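Structure, as structure tokens:
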Amino acid sequence: MNTAIRINIAINKALTRSLTEYLKSLNIRNIFVETGRTSTLNNGTGLFGLRPKTPLAYDPVEIVSIFVHQSLEDDLMAGVFHTLDLKTPGRGTIQSSDITIIKAHPSFQICSQLQIPQQIPASFFTDLRAIACVVQRGEGDAVARVSLKAGASVPVTTYGIGGGVRDKLGLLRITIPPEKEVIDLVMSKYDIDSVMEMFISEAKLDAPGRGIAYIHPIRKGTVNTRISRKRAEQAANMEQMISAIDSIVGGVEWRKTRLEQENTRMRTFLTDLVELILVCSDGFGKKLSKIAMENGASGATICKTRYIYTSEEDYDRNPPRRDISKMIVSPSAVPKITQAIEEAGGFEDEAQALLYSHPVLKAYTYRAKEVKRI
């Protein structure tokens, strides 16, 4: 096992090419791109000054993930921040997380030596957390709207297919579609618990088969404060003023709201968990996820990602389309799952799997002592 830093950059789709070309110029390999959308409150006016028909507005977004040694974290993040002008609200965000590479196909490499030009230091927040909420397809907007109305930050929604809990519900599974939406939100750690409570209530996660929400740590990064499409009527809009105050005070603690003072229900959360992420060649995700679930994983959400080529040699030996399976498991289950995937050929040339994990601070989902099959 090796420790590394995963850097996630969520940017408007129109900027993806500029970002990947910049990363290629630094000779970074193993670039993965996942497609999704951001949601903002549609508070502007529509045609002829009429109120817009939909409460949310959407923008296509792509989440670019790279894996580097910790020594490269600061300079690389600063380079991306300045190259893409991420200080401007709405252009995108960048965050880093600690991960553990459990096992990988030999083609996967953690970047440890790069020729990165001297960078102007960039200021990143360190008091952040990330929350992910997996819900049924079509219910993501309600969850996204909760975070926007709370003024947390702009959520990113991606899509996948779920498995595990649904398969254990007998005939009840007919009423639960396998298609899932994954809402990811990076925000101040001071209000994260209150927003998670909102997610649980809005998505009805205390009912069987409804989904899961979990919180994981962020090392450092930025947040997207452009939560509304409302046209600015002053010299500076609200998002620009918030960003300016963030820079002055050097953090986001000042944004702490009364959310944390609101009463929350007494819930039993799951702790001492990790998110186990499996990236593999297209078509292998379902098979390898099933093997993982047979060896300790309670469920999985399988999404699509793609591999960005950095050379002709890369193109010949690496398939562009990939599956990415996300599972919440106990750390004690990881060795057995890893061994089972290895025995199934997951790390050989055809599947080309990458298996890594990062800590989960707490999670919530429906739990029952026994679910009877009908």
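The values are calculated or read from the model by the stated rules, or taken from the named source; none is laboratory data. Keep in mind that this is a model prediction, so the values were computed, not measured. Please note: Cβ atoms are built from the backbone with ideal geometry, for glycine as well, and neighbour counts cover all protein chains shown.
Look at segment 68-90 and say how many of its residues are assigned to a helix (DSSP H, G or I) and buried (at least 16 other Cβ atoms within 10 Å of the Cβ).
Residues in segment 68-90 being assigned to a helix (DSSP H, G or I) and buried (at least 16 other Cβ atoms within 10 Å of the Cβ): 11 in total.
Going by the structure shown, is F108 among the aromatic types (F, W, Y), out of contact with any helix residue (DSSP H, G or I) (no Cβ under 8 Å at 6 or more places or on another chain) and either more than 18 Å from M327 (Cα to Cα) or without any contact (Cβ under 8 Å) to a residue 24 or more places away in the chain (or both)?
yes
Looking at the structure I just gave you, is A57 surrounded by fewer than 17 Cβ atoms within 10 Å (Cβ to Cβ), under 17 Å from P155 (Cβ atoms) and small (G, A, S)?
yes
Yes or no, residue by residue, for (1) assigned to a helix (DSSP H, G or I); (2) of a type in the set (F, W, Y); (3) at pLDDT below 70; (4) more than 20 Å from I11 (Cβ to Cβ):
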site	(1), (2), (3), (4)
A144	yes, no, no, no
L148	yes, no, no, no
V154	no, no, no, no
T158	no, no, no, no
G162	no, no, no, yes
D167	yes, no, yes, yes
I174	yes, no, yes, yes
P177	no, no, no, yes
V182	no, no, no, no
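I'd like to verify a number: residues in segment 29-46 that are touching a helix residue (DSSP H, G or I) at 6+ places or on another chain (Cβ under 8 Å) and either at pLDDT 95 or above or not polar (S, T, N, Q) (or both), how many?
5
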